[in-house]
1. What are the residues in region 157-200 that are crowded, with 20+ Cβ neighbours inside 10 Å, among the β-branched types (Val, Ile, Thr) and free of Cβ contacts under 8 Å to residues at least 60 places away in the same chain, if any?
2. Out of the residues in region 134-155 meeting the condition of being among the hydrophobic types (A, V, I, L, M, F, W, C) and crowded, with 20+ Cβ neighbours inside 10 Å, tell me which one is farthest from His314 (Cα to Cα).
3. Going residue by residue through region 308-329, is there one that turns out to be at pLDDT below 95, open to solvent by less than 60 Å² (accessible area, probe 1.4 Å) and in a loop (DSSP other than H, G, I, E, B)?
4. When the residues of region 46-65 are filtered to those that are open to solvent by less than 40 Å² (accessible area, probe 1.4 Å) and outside any strand (DSSP E or B), which remaining residue is nearest to Gly24 (Cα to Cα)?
5. Can you pull out the residues in region 1-13 that are closer than 24 Å to Ser99 by Cα, open to solvent by 10 Å² or more (accessible area, probe 1.4 Å) and either among the charged types (D, E, K, R) or over 19 Å from the mean Cα position of the chain (by Cα) (or both)?
6. Do we have any residue at all in region 269-289 that's among the aliphatic types (A, V, I, L, M), touching an Asp or Glu at 6+ places or on another chain (Cβ under 9 Å) and closer than 30 Å to Pro26 by Cβ?
7. Cβ contacts < 7 Å: first residue closer than 21 Å to Gly24 by Cβ, restricted to region 316-341; second residue surrounded by fewer than 19 Cβ atoms within 10 Å (Cβ to Cβ) and basic (Lys, Arg), any location; separation 6+ or different chain. Result?
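The values are calculated or read from the model by the stated rules, or taken from the named source; none is laboratory data. Keep in mind that this is a model prediction, so the values were computed, not measured. Cβ placement follows ideal geometry from the backbone for every residue including glycine, while neighbour counts extend to all protein chains displayed. Note: accessible area is taken over every heavy atom of the protein model, side chains too, but ligands, DNA and RNA are not part of it. Shrake-Rupley method; radii C 1.70, N 1.55, O 1.52, S 1.80 Å.
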Amino acid sequence: MQDIQVATRKGLFTVRRGAGWRIGPPQFPGEPVTQVVVDRGDGNWYAALRLGHFGVKLKRSTDRGESWQDVTAPAFPPKPTEGPLKDDTTPWTVDMVWSLEAGGGRLWAGALPAGLFVSQDHGESWQLVESLWTRPERREWFGGGYDHAGIHSIVVDPRDPAHLTLAVSCGGVWQTRDAGASWANTSEGFDAGAYMPPERRFDGNIQDVHRIAACPAQPDVLWAQHHGGIYRSADGGRSWRSLGTPAPSAFGFVVAAHPRDPQRAWFVPAHSDQQRMPAQGRMVVNETRDGGASFRTHGEGLPASDAYHLVYRHALACADDGETLAMGSTTGGLWVSEDGGARWQCLSRDLPPIAAVRFA
């Protein structure tokens, strides 16, 4: 059985595979769910909610979504009244959990604003990773779509869970190899010329990386969808290479990496930064099978005209078989492909706006 968790603005839906695909009733109906993750170490499921006036909440399930319990949500400590951070203009309040990942007995949460939090007791308690939050470079980060910078991508190296790669919008790529004790900006190769003045276009601390994903079987290969195009790294994220402009566009927000083949990845293009919808109203998925040297454009089963869908950073996922993909849109469309993205089946056009999809 293959489940898909679908986090939406009005609840968390589980899609179960049997003779076909069936969408179940929502958990947390009417409540915005921003992230969901499966800890494959212990089998727990986690869902993060963004409840506005009532703040951020975190739920845990130990029975594959049949029941949920409240656990502690990440929270900043009190803001210092003395020292260099007393004048920090960034709010010290978690507005949203933008990323959730598990590995090596830890849970990691990336927040808006851009705080990184870690839990070592299944979400019962959380600690701010102060070594990243207190870096002076953080004061230069800025929002890409939100008022403040946020951490939307966390890649845990399966060979070494102390090695993390983060993407910050807008703050570039950051890595730690000691579980957060120290950090390095590893944004070499990214080009911010589309939105920054020439003297800062290669500044690693202001790069707007929309999403990163790694090949689990060969985690030194990472893919990035950047505000300025598509990139790939073959050296563990230390440096990045632009892959050019596939048709119809290199602009988008999401990337999914094949679980075993480091040459394969999928992207969902939008027309442009100025027009965040499919080019010519036709929704497609771009796939590369040769490390970005060329791309195939897939559209069978997707809206071919008058389409206005946008796929958010976390709303495209590839299952462990490397052939089953799930994709959700801001206008409530949900599709599944069972042949590596060549053909797509629409499961719904009527879901709430989809923030994330995840195979479980």
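1. Scanning region 157-200 gives Val168, Thr186.
2. Per the criteria, the residue is Trp141.
3. There is no residue in region 308-329 that is at pLDDT below 95, open to solvent by less than 60 Å² (accessible area, probe 1.4 Å) and in a loop (DSSP other than H, G, I, E, B).
4. Checking each candidate, the answer is Gly65.
5. Gln2, Arg9, Lys10
6. So far as region 269-289 goes, no, none of its residues is among the aliphatic types (A, V, I, L, M), touching an Asp or Glu at 6+ places or on another chain (Cβ under 9 Å) and closer than 30 Å to Pro26 by Cβ.
7. Once the first residue is closer than 21 Å to Gly24 by Cβ and sits in region 316-341, its partners that are surrounded by fewer than 19 Cβ atoms within 10 Å (Cβ to Cβ) and basic (Lys, Arg) give Gly332/Arg349; Gly333/Arg349; Ser337/Arg343.
Yes or no, residue by residue, for (1) surrounded by fewer than 18 Cβ atoms within 10 Å (Cβ to Cβ); (2) out of contact with any Asp or Glu (no Cβ under 8 Å at 6 or more places or on another chain):
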{"residue": "Lys86", "(1), (2)": "yes, yes"}
{"residue": "Ser99", "(1), (2)": "no, yes"}
{"residue": "Ala102", "(1), (2)": "no, no"}
{"residue": "Gly105", "(1), (2)": "yes, yes"}
